[in-house]
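Student: Have a look at this one before I ask anything.
Derivation of every value follows stated rules applied to the coordinates shown; laboratory data play no part. Quick caveat, the model's predicted, so the values are computed rather than measured. With ideal geometry, Cβ positions are generated from the backbone for all residues, glycine too; neighbour counts draw on all protein chains shown.
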Amino acid sequence: MVEVSLNCMVVGGGTPFSIDIDAGKKVDHLKKKIKKEKEYKFPADELQLYLVDGLAQDKDEQIVYKGITIDMPNCSLVDFGSSTKKLAALSLISECFEEADVNIRWKIHVLVVIPEGVASTLSPSVEFSRGFIACKIGFYNDIVNADVKDGWLYFNQTIPSSAAKPEALLVRASYQTIASSIQDRGKDGIFKTIITGTPGIGKSLFLIYLLWNLVKAGKKVLFIYHPNLIYYNGLGGVFELREFPSAIEHSFWDESLWCLFDAKGKNERHLSAIPYDNCKVVVSTSPRRDMINDFKKPPTPKIFYMPLWTEHELEQVASTFPQVVDWRDRFNILGGVPRT
């Protein structure tokens with residue numbers, strides 16, 4: 001029989017590894033080879049092996065699932081949903097893998113699940129499904145499909161909680177600059193950031209823009225935007241939360257999580273419920289909100305001030321507010337605040 005090379009990866013692990021095996025051997029032989037390669041101390045038959053459609057490593061050594069970069073160390077088998085197929089121990093390797101699939105160099109052929117007791121010592125459990133329900137809000141489910149055209153970010157549905165209920169938002173130059181800076185900071189691990197500025201300047205809409213960027217990049221995001229708690233698991237799953245997970249759920253509150261918090265309709269109690277020393281937190285709030293006093297303690301958060309709108313920017317969004325016909329006069333007298 002021909003020998004094949006299978007790319008394997010452990011659920012909750014971060015690095016793929018290759019196993020060479022005769023195609024005429026059975027899956028239980030593959031388990032023994034994996035046990036030997038990884039130096040596991042438990043019986044090989046306790047391993048569970050799965051096929052997963054759409055899982056691969058790219059040339060930058062990032063793990064990609066169906067085209068989206070994922071945080072594999074914080075994934076569980078359930079995150080891959082119906083894309084998995086368990087390999088029976090007595091199946092032949094040749095029966096489980098098509099020759100064309102085996103020859104795809106970057107494909108992850110085998111997903112390895114180790115026994116539950118052992119898994120808990122190697123990586124935190126990510127089974128925190130209590131209180132998580134599938135999101136039924138179309139905007140959040142579809143945000144990954146939004147697209148930028150002619151300086152506008154277009155959505156398939158209206159933006160929740162937006163006074164004008166638009167299906168598009170103007171991508172201000174300041175949005176791009178601030179979002180880029182925040183994402184660069186995120187590469188260094190845990191941090192705190194405050195987005196502030198004059199009421200009505202567009203801080204909440206900026207969070208929508210930042211959310212779109214992070215979801216497109218396959219990040220784990222908790223989006224706190226009145227009145228909803230929306231969670232993106234980084235694998236394409238979108239959930240509504242009834243309440244914050246407990247602060248001791250370290251598999252949820254970790255440095256891979258982006259927490260975007262809009263202060264509208266919230267108070268200090270809501271913000272203090274977030275263990276912001278464990279994850280990346282971006283808070284959008286008015287400058288004088290007392291609720292951020294504790295949040296501003298060391299390590300001191302980076303503060304970004306949203307600039308006033310220019311006359312050209314207001315002209316671009318004027319059609320969104322057809323009832324406001326004297327916007328230019330208001331701008332000349334009161335300045336660049338759309339809510340004015």
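Student: For the chain, what's the relative contact order in percent, using C-alpha pairs closer than 8 Å and at least 6 residues apart?
Tutor: Once divided by the residue count of the chain, the mean separation gives 16 percent.
Student: Next up: Please report the antiparallel percentage of the DSSP beta bridges confined to the range 132-307, to the nearest 5.
Tutor: Restricted to the range 132-307, the bridges split so that about 45 percent are antiparallel.
Student: With each pseudo-label sitting 7 Å past Cα toward Cβ, what's the THR84-TYR305 distance in nm, one decimal?
Tutor: Between THR84 and TYR305, the simple spin-label model gives 5.1 nm.
Student: OK, next. For n ≥ 4 DSSP H runs only, could you compute -39500 (n - 2.57) per run for the chain, divide by its residues and tell me the 222 nm figure to the nearest 500?
Tutor: My calculation for the chain gives -6500 deg cm²/dmol from helical runs alone.
Student: Looking at the chain, send over the antiparallel percent of its DSSP beta bridges, to the nearest 5. Intermediate values should be presented prior to the final figure.
Tutor: Details: 36 of 58 bridges.
Around 60 percent antiparallel, to the nearest 5.
Student: Pick from THR84, THR177, THR69: which residue has the top mean-square fluctuation in a GNM of the chain where Cα pairs under 10 Å get a spring?
Tutor: THR177
Student: Turning to a different aspect of this structure: Over the range 132-307, what is the relative contact order in whole percent, taking alpha-carbon pairs under 8 Å and six or more residues apart? If you can, show how the numbers build up before the last one.
Tutor: On the way: 292 pairs, mean separation 46.3, N = 176.
Here the relative contact order equals 26 percent.
Student: So how far, in whole Å, is the C-alpha centre of the range 27-79 from the one of the range 171-189?
Tutor: Measuring centre to centre over Cα atoms gives 33 Å.
Student: Over the chain, with a Gaussian network built from C-alpha contacts below 10 Å, which listed residue (VAL317, VAL144, VAL221) shows the highest mean-square fluctuation?
Tutor: VAL317
Student: Okay, next question. Tell me which lysines have Cα within less than 23 Å of LYS36's Cα, excluding those fewer than 8 residues away on the same chain?
Tutor: LYS25, LYS26, LYS86, LYS107
Student: To continue, here is another question. Sorting TRP152, TRP212, TRP309 on the 10 Å Cβ count, fewest up front, what's the list?
Tutor: Working: TRP152 16, TRP212 21, TRP309 24.
Least crowded to most crowded, the residues run TRP152, TRP212, TRP309.
Student: Separate question: Please check: in the Gaussian network model of the chain (C-alpha springs, under 10 Å), which one of GLU167, GLU255, GLU46 has the largest mean-square fluctuation.
Tutor: Among GLU167, GLU255, GLU46, the largest GNM mean-square fluctuation belongs to GLU46.
Student: Would you work out the charge dipole size for the chain about its Cα centre, treating the Cβ of every Lys and Arg as +1 and the Cβ of every Asp and Glu as -1, and quote it to the nearest 20 debye?
Tutor: 800 debye
Student: A further question follows. With only Lys, Arg, Asp and Glu charged, each at its Cβ (+1 for the first two, -1 for the last two), find how big the charge dipole of the range 148-254 is about the Cα centre; round to the nearest 20 debye.
Tutor: Value, rounded to 20: 220 debye.
Student: Taking a 18 Å limit on the Cα-Cα distance, which of the listed pairs LYS266/LYS302; LYS192/LYS216; LYS219/LYS302; LYS192/LYS296; LYS192/LYS302 fall beyond it?
Tutor: LYS266/LYS302; LYS192/LYS216; LYS219/LYS302
Student: Under unit Cβ charges (Lys, Arg +1; Asp, Glu -1), what dipole magnitude, rounded to 20 debye, does the range 1-94 have relative to its Cα centre?
Tutor: About 360 debye.
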